[in-house]
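Working notes, structure below.
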Amino acid sequence: MSDLDDADLPHNREAAAFVRSLAVSLYDSKLEIPSCPDAALRLQRALSSTDIDPSVVESAAGADPALALRIMRMANSVMLNPMGREVRDLRTAISRIGYNMVRTASVSFILNQLVDAGGAPEPRARMRRLWEESMHVAAFATVMARRHTRVNPDVALLAGLLHVVGKLYMLTRLSAETDLCDNEPVRERLLRDWHGPTAGAIVQSWLLSEEVVDAVEFSHDVETVREGPLTVGDVVAASRLLAVDHLGDSGRSGVTVVADHVPLFARLGIDAAEAAQLSKAAHEQLDSLLAAISG
């Protein structure tokens, strides 16, 4: 956590007040997502039950027409329905794609709502860039999990989408703080220091698994290389590095990215040549992913 006392960081008083307010929300578990449909949250709770009731899942999914439509579109997408057998009712759609992908549909729906609630042009533009990043990370994570780990690719996809949720939430709150939001160094410092715990708290409040909470909270920690079996966190951290490079934000080649993080990529069994293949496969996956889960 940052104490925001650096001499070169302006608006420290306002930033400190924002951090205190955010910390209280985190401590009290009062992170209310702006414009988040109740149906999506009810669906998350239904899917997190130890004894999932299909009728409750269907009822929650059908309570919001836009959410139900998203699930239907996913069930009829090329990504999940390569044979093109059209699904026409919600119950069959849920059965076809499975609960993990229904959860992903709900999460993408919530994230879209967050982006649309971005407020002023600058935070909204920043949020749309983050949404684009999350899609790329999700595509890389799906391919990487399938090729290099025993991690469920659907879970890796979900965690890849969610790794930006802390920043999206913070930007919606910062949009009401004009001085902070317009000051890029302050805004980016706040996002850097606080997105992890914020994301972890949000995902935990949605009753998602601990492996997803961990992956989302520590998605930017690429220096700590863990021992033991490969995790969703390993996949998301490595996928974020490759995705940011793929988006052109790093100014580096995939070879450099792998070379700069040898322990992480070696743990996953990925060298420079394989990273290039992953990039190609993720790019091919991206269009179908966008078609399946975009609003």
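General remarks:
- The stretch 192-207 - residue that is small (Gly, Ala, Ser) and without any contact (Cβ under 8 Å) to a residue 60 or more places away in the chain and, of those, nearest to Thr50 (Cα to Cα): Gly200
- Annotation note: of Ala105, Ala141, Ala125, the sole residue that is assigned to a helix (DSSP H, G or I) and within 22 Å of Thr231 (Cα to Cα) is Ala141.
- Any chance Ala281 is buried (at least 16 other Cβ atoms within 10 Å of the Cβ), out of contact with any strand residue (DSSP E or B) (no Cβ under 7 Å at 6 or more places or on another chain) and small (Gly, Ala, Ser): yes
- Enumeration of residues in the stretch 68-104 that are closer than 18 Å to Pro54 by Cβ, among the hydroxyl-bearing types (Ser, Thr, Tyr) and surrounded by 15 or more Cβ atoms within 10 Å (Cβ to Cβ): Ser95, Tyr99, Thr104
- Complete set of residues in the stretch 173-205 that are assigned to a loop (DSSP other than H, G, I, E, B) and either modelled with pLDDT of 85 or more or acidic (Asp, Glu) (or both): Glu177
- A Cβ distance below 7 Å, combined with a sequence gap of six or more or placement on separate chains, defines the contacts here; from the stretch 26-40, residues that are under 19 Å from Glu217 (Cβ atoms) reach residues that are hydrophobic (A, V, I, L, M, F, W, C) and at pLDDT 70 or above in the pairs Leu26/Ala201; Ser29/Ala201; Leu31/Ala201; Leu31/Ile202; Ile33/Ile110; Ile33/Leu114.
- Just one of the listed residues (Leu180, Leu158, Leu191) is crowded, with 24+ Cβ neighbours inside 10 Å and of a type outside the set (S, T, N, Q), namely Leu158.
- When residues in the stretch 41-93 are screened for being touching a residue at least 24 places away in the same chain (Cβ under 8 Å), farther than 16 Å from Ser108 by Cβ and of a type in the set (Gly, Ala, Ser), 3 of them pass.
- One residue alone among Gly196, Gly228, Gly233 is of a type in the set (Gly, Ala, Ser), out of contact with any strand residue (DSSP E or B) (no Cβ under 8 Å at 6 or more places or on another chain) and under 20 Å from Arg103 (Cα atoms), and that residue is Gly233.
- Check on Ala238, in contact (Cβ under 8 Å) with a residue 12 or more places away in the chain, surrounded by fewer than 18 Cβ atoms within 10 Å (Cβ to Cβ) and part of a helix (DSSP H, G or I): no
- Of residues in the stretch 6-60 being at pLDDT below 85, in contact with a helix residue (DSSP H, G or I) (Cβ under 7 Å, 6 or more places away or on another chain) and not aliphatic (A, V, I, L, M), the one surrounded by the fewest Cβ atoms within 10 Å (Cβ to Cβ): Ser29
The values are calculated or read from the model by the stated rules, or taken from the named source; none is laboratory data. These figures come from a predicted structure and were not determined experimentally. Virtual Cβ from ideal backbone geometry, glycine too; neighbours counted across all protein chains shown.
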